[in-house]
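Below is one structure; the comments refer to it alone.
The numbers here are math on the coordinates, done by the rules we state, and not lab data. As the structure is a prediction and not an experimental result, all values here were calculated from the model. Neighbour counts run over all protein chains shown; Cβ positions are idealised from the backbone, glycine included.
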Amino acid sequence: MQTRIFGNHDARVSVIGQGTWQMDGRNDAGAIEALRRGLDLDMSHIDTAEMYGEAEPLVARAIEGRRDAVFLVSKVLPSNASRAGTMAACERSLARLKTDRLDCYLLHWRGRVPLEETFRAFEDLQAAGKILSWGVSNFDADDLDEALAVAGAGRIACNQVLYHVQERAIEHAVIPWCERHGVAVVAYSPFGQGDFPGPSSAGGRALQEIADRHGATPRQVALAFLTRRPAVFAIPKASKAQHAADNAGAGDLALSDADIERIDKAFPLGRPKGLPMI
């Protein structure tokens, strides 16, 4: 599994990680098995959030006895993102995750609370050793400009944003901004929302043909395409252990320039627009 430096964090993090949004709490055993299989295959980056319901307790069970091998990320809701609210939310997440620290803690999206308050709480939590780095999620380039002005250079570790082959808007401004400022980009929902290109579509056929040449799968090709730039990581969710293994297979898949050009043509970038999010 390929690893990269994660923004301003010293840690090397797996380029393909594990998301937990909409992880089914009714299938605890399957979810835990999938996360553990991912860890077995060096997908060390596990992403969760206080908003994700049962996900944090499930992650706690999955990483029991393996905490030091995990790059663990959670998020605070904007409604809890005052200075005191962020501190309290972090403590609740730590308790649910049964850990003494988060490797990175994110503001889930912008709300009404001034960034100064949230970021001050992040700095307090980092000084106390409760979090090792912090970042943001669903921030467009203008939001990042404001965040940088508030936080100062070198403080924002990452920006987690929607990114998949059919939704490439962040390539216009967000990824270039993050590359300029040493901020990691984390792609959530990298397979879309139940609309991954099927074999009967032109894009799906392109992914399949590239996959066949590499002995891979279309989803592995899509992940490799999304993470082709050094700043970008991806966090697909897997509901079954085999799905986790399939995702991990993208971690060492190297696409050729011709492959990238083919995918680029099959899924055109399109014109600049506002930041997509779900």
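Quick look at the numbers
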| item | result |
| --- | --- |
| Residue exposure sequence - Lys75, Lys273, Lys240 - by fewest surrounding Cβ within 10 Å | Lys273, Lys240, Lys75 |
| Stretchable slack from Asp257 to Ser239, in nm (0.36 nm times residue separation minus alpha-carbon distance) | 3.3 nm |
| Phi to ³J(HN,Hα) by Karplus 6.51 cos²θ - 1.76 cosθ + 1.60 over the range 163-169, Hz, x for Gly, Pro | 7, 8, 4, 9, 9, 10, 4 |
| In degrees, nearest ten, helix 83-97 long axis to first principal axis of the chain (Cα) | 60 |
| Gain in span if fully extended, Ala88 to Gln193, counting 0.36 nm per residue against the direct Cα distance | 34.6 nm |
| Surrounding net charge for Ala62, when Lys and Arg each add one and Asp and Glu each subtract one, Cβ distance under 9 Å | +1 |
| Under-5 Å amide H pairs with Val13, H placed in peptide plane, nonlocal only | Arg4, Ile5, Phe6 |
| Enclosed volume per residue, in Å³, of the convex hull spanned by Cα atoms of the chain | 116 |
| Using a Förster distance of 22 Å, the FRET efficiency for Met1-Arg67 (Cβ separation, nearest 0.05) | 0.75 |
| For the chain: relative contact order, % (alpha-carbon pairs under 8 angstrom, 6 or more apart) | 23 |
| Ranked list, fewest to most other Cβ atoms within 10 Å of each Cβ, for Leu106, Leu58 | Leu58, Leu106 |
| Sequence-distant aspartates and glutamates (8 or more away, or on other chains) whose Cα lies within less than 16 Å of Lys273 | Asp140, Asp142, Asp143, Glu167, Glu171 |
| Neighbour count of at most 16 Cβ within 10 Å plus DSSP loop: longest GluC sites (Glu not before Pro)-free window in the chain | 65-278 |
| Rounded tilt (10° steps) of 202-214 against the dominant C-alpha axis of the chain | 90 |
